[in-house]
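Asks: Take a look at this one; I'll ask things after.
Any read-out appearing in this document is the output of simple, stated calculations on the displayed coordinates, not a laboratory observation. Source: prediction; values computed, not measured. All Cβ positions, even for glycine, are placed from backbone atoms using ideal geometry, and neighbour counts span all protein chains on display.
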Amino acid sequence: MEYALAVDNVRKTYRDFWMRPTVHAVKGVSFSVRAGEVFGLLGPNGSGKSTTIKMILGLVRPDGGSISVFGRSPRTVEARRSVGYLPELSYMHPFLTARETLSYYAGLCDLDRKTARMRIAQLLEMTGLQDAADRPVGGYSKGMARRVAMASALVGKPGLLVMDEPTSGLDPVSTSEVKTLVKTLSAAGMTIVMSSHLLADAQDVCDTVVILNRGEKAAEGRIADMGSSLEEYFLAKVGDARNFKVAEFLA
Amino acid sequence: MRRYRSIARAAALETLSDPLGLLLSVSAMAVIVLASVFHIHQFGESWRMARDATLSSILVFMALDAVFSSIRAVRGEIESGTLQMALSHSVSRFGYCAARFAGLFAACILSFAPVVFTGLSIILGAQAGGIAAAQSGDIPLVWGPAVAAASASITIPLLAGAAMNRFANARFAVSATVCALAVSAVSYAALLFYARSSQIAMPEIHSAALRMLPAIALLLPPVAVLAAAAQAFSFRFGENASATLCGVFCIAMLPALGNHYLSETLAEGGSVPWGYAGLAAAASVPFVLAFLAAGAALLEAKDM
């Protein structure tokens, strides 16, 4: 079986300036993602999804365990060559225009000038940003900034696309656009790992999911095997919603 | 290589877009003009004050620009998450630090090139005025145009930058810096032409200007070391702590930074050999590399 990504018993504890442990973010999580699969990393807030994603990208060093991206450690420059990243918030240089932003990321992906120009034009058209392409992204709306971030993640045509909460904070139309894009990219053979706490989105696009809770793996399986309601399955694994004692407070 | 060129270009553009660099270079030009005008009109001093003001202003303001631009840019990248984005691509930590430093330092040099031309204009005006006065006993011929040219190098770029921003949506600080470079270079060339047409003893003026260039080049290595140090500190510490550490480091470097000896050499009619400037640049390379390596190590250890 060919795996695009293999995560084996990774652990991460964040520490303060004096190296005292502050948060045990990930506690021995293992999973693997087949090439061409759409894989969902689900869990409530603070469950360790973003930390796991950052370890996959080589941005956070695990305390233990191992991660392999196309057979290589993500801390190596070679492994990151085939990875695209869409962060939870659209991180961009506000002084650059959308075209300059894409040109910057095309440079980071080592694309030659001709290929870069062609891909940037395609991506601007795909994301509907041609008219705003020469405006600084600092003045963009959240939805537009998200589209630039998406285009930046795709400019290098990565083999593995890692998306952290891709639909977070988007309106229904933009959410639907993102989901369609994920399905299209998956159909074209791209491996996609996305984290989300929006279960309906995950149910629509993912083939397989792992549910994390408090840094540990609570469940793993194919969406098709989880019954008709992912939400019920999720709550059964993670625990019921907290019952705020509002009446007592108001009284 | 393309990856690192992209990082360097973005760092240069970021530094040039930051109004801080423009503010500091304009301040340096204003100090050169005001100090020289005050001194010459008050004490009838020769061109030495213009020369000292030029050397000191370039050193102090350029060092401030390099340090604060480094700190602001790196902290901004960390806080806005663009550092994460860059490092999620296939770039090495050391390569990232080196490319970012190269872009920033190139932008600092570009920001301060107008200051050099303005300083040379003022020196030329002060010196040509002195020579003309000595030759004919008349009032200085070139001093007035030199002050006007230097003042134009300050005001025109600010107005042009504002106009470009208003009517062409261009970045204010970048347009103003490019315009300052053009105006100050043209002003200096025009002043040389004017002094030549006024039949002032040009060889002396030329040699004075040429003597300044290696002295100015000699100021760049310590600024480069400071910029690399500021970058390394700011990967680990916040803005205030990084600035404080740079200040402490700067105090330790003060004996090496003093341009007093340069001024003495130039005042005695001597010149700083280019080889000496080259030697200083070579001596600064291990320090710059050490700070880049320290920055890369701090980035490597950093969880983003």
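Asks: If you average 1/r over all unlike Cα pairs in the stretch B:2-301 and invert the result, what Kirkwood radius do you get in angstrom?
Replies: On the way: mean 1/r = 0.0497 Å⁻¹.
In the stretch B:2-301 this quantity evaluates to 20.1 Å.
Asks: Using only the Cα atoms of the stretch A:89-157, what semi-axes does the equivalent ellipsoid have when each is the square root of 5 times a gyration tensor eigenvalue? Give whole Å, largest first.
Replies: That gives 18, 12, 11 Å for the three semi-axes.
Asks: Same structure again: Of the listed peptides A:186-197, A:6-17, what is their order by residue-averaged count of other C-beta atoms within 10 Å, with the highest listed first? Don't skip to the end; give the middle numbers.
Replies: On the way: A:186-197: 19.5, A:6-17: 15.6.
With the highest mean Cβ count within 10 Å placed first, the list reads A:186-197, A:6-17.
Asks: State which helices in chain B qualify, where a helix is a whole DSSP H run, it must extend 20 Å or more along its own axis by its Cα atoms, and its mean Kyte-Doolittle hydropathy must be at least -1.0.
Replies: Numbers: long enough: B:2-17 (22 Å, -0.36); B:19-43 (35 Å, 1.74); B:48-80 (46 Å, 0.57); B:93-136 (63 Å, 1.27); B:143-168 (36 Å, 1.02); B:172-197 (36 Å, 1.53); B:202-217 (23 Å, 0.78); B:220-236 (25 Å, 1.20); B:239-257 (25 Å, 1.39); B:274-301 (40 Å, 1.55).
Helices meeting the criterion: B:2-17, B:19-43, B:48-80, B:93-136, B:143-168, B:172-197, B:202-217, B:220-236, B:239-257, B:274-301.
Asks: Let me ask something else about it. In the structure shown, do any of A:12/B:302; A:49/A:179; A:27/B:302; A:27/A:183; A:12/A:49; A:114/A:157 have a Cα-Cα gap over 23 Å, and if so which?
Replies: The answer is A:27/A:183.
Asks: While we're looking at this one, here's another question. For the protein assembly as shown, list log₁₀ I(q)/I(0) at each q in 0.06, 0.09, 0.12, 0.13 Å⁻¹, using the Debye formula over Cα point scatterers of equal strength and ignoring solvent, two decimals each.
Replies: Evaluating at q = 0.06, 0.09, 0.12, 0.13 Å⁻¹ gives log10 I(q)/I(0) of -0.40, -0.76, -1.11, -1.23.
Asks: Which of the three applies to the stretch A:41-93, rounded, prolate or oblate, going by the alpha-carbon gyration tensor with a ≥ b ≥ c and a/c under 1.5 meaning rounded?
Replies: Values: a/c = 2.07, a/b = 1.19, b/c = 1.74.
Oblate, since a/c reaches 1.5 and b/c is not below a/b.
Asks: Now, a different point. With all pairs of different alpha carbon atoms counted, what Kirkwood hydrodynamic radius in Å does the stretch B:1-132 show?
Replies: Final number for the Kirkwood radius of the stretch B:1-132 is 16.3 Å.
Asks: List the trypsin sites (Lys or Arg not before Pro) within the stretch B:28-122 that DSSP assigns to loop and that have no more than 12 neighbouring Cβ atoms inside 10 Å. Working shown, then result.
Replies: Values: sites: B:48, B:51, B:72, B:75, B:93, B:100; in loops: none.
Sites meeting the loop and neighbour criteria: none at all.
Asks: Rounded to the nearest 500, what is chain B's calculated 222 nm mean residue ellipticity when only DSSP H runs of at least 4 contribute -39500 (n - 2.57) each, over all residues?
Replies: Numbers: 12 runs with 264 residues, N = 304.
Computed ellipticity for chain B at 222 nm equals -30500 deg cm²/dmol.
Asks: Okay, next question. Relative to the first principal axis of the alpha-carbon coordinates of chain A, what is the inclination of helix A:113-126, with its axis defined by its Cα atoms, in degrees from 0 to 90 and to the nearest 10?
Replies: Taking Cα atoms only, the helix is inclined about 60 degrees.
Asks: Going by a ≥ b ≥ c, the root eigenvalues of the Cα gyration tensor, does chain A fall in the rounded group (a/c under 1.5), the prolate group (a/b larger than b/c) or the oblate group? Mind showing how you got there, number by number?
Replies: On the way: a/c = 1.57, a/b = 1.37, b/c = 1.15.
Cα axes put chain A in the prolate bin.
Asks: Over the protein assembly as shown, what is the percentage of antiparallel beta bridges among all DSSP beta bridges, to the nearest 5? Walk me through the numbers before you get to the answer.
Replies: Numbers: 23 of 41 bridges.
Percent antiparallel among DSSP bridges in the protein assembly as shown is about 55.
Asks: With a 10 Å radius around each residue's Cβ, average the other Cβ atoms per peptide and rank A:211-220, A:51-60, highest first.
Replies: The most tightly packed comes first, giving A:51-60, A:211-220.
Asks: Give the average over all directions of the projected area of the C-alpha convex hull of the stretch B:1-42, one decimal, in nm².
Replies: On the way: hull surface 14.3 nm².
One quarter of the hull surface, i.e. the mean projection, equals 3.6 nm².
Asks: For residue A:245 and residue A:121, compute 0.36 nm times the residue count separating them, minus their Cα-Cα distance, and round to one decimal in nm.
Replies: Numbers: separation 124, 0.36 × 124 = 44.64 nm, distance 5.41 nm.
Taking 0.36 nm per residue and subtracting the Cα distance, the gain is 39.2 nm.
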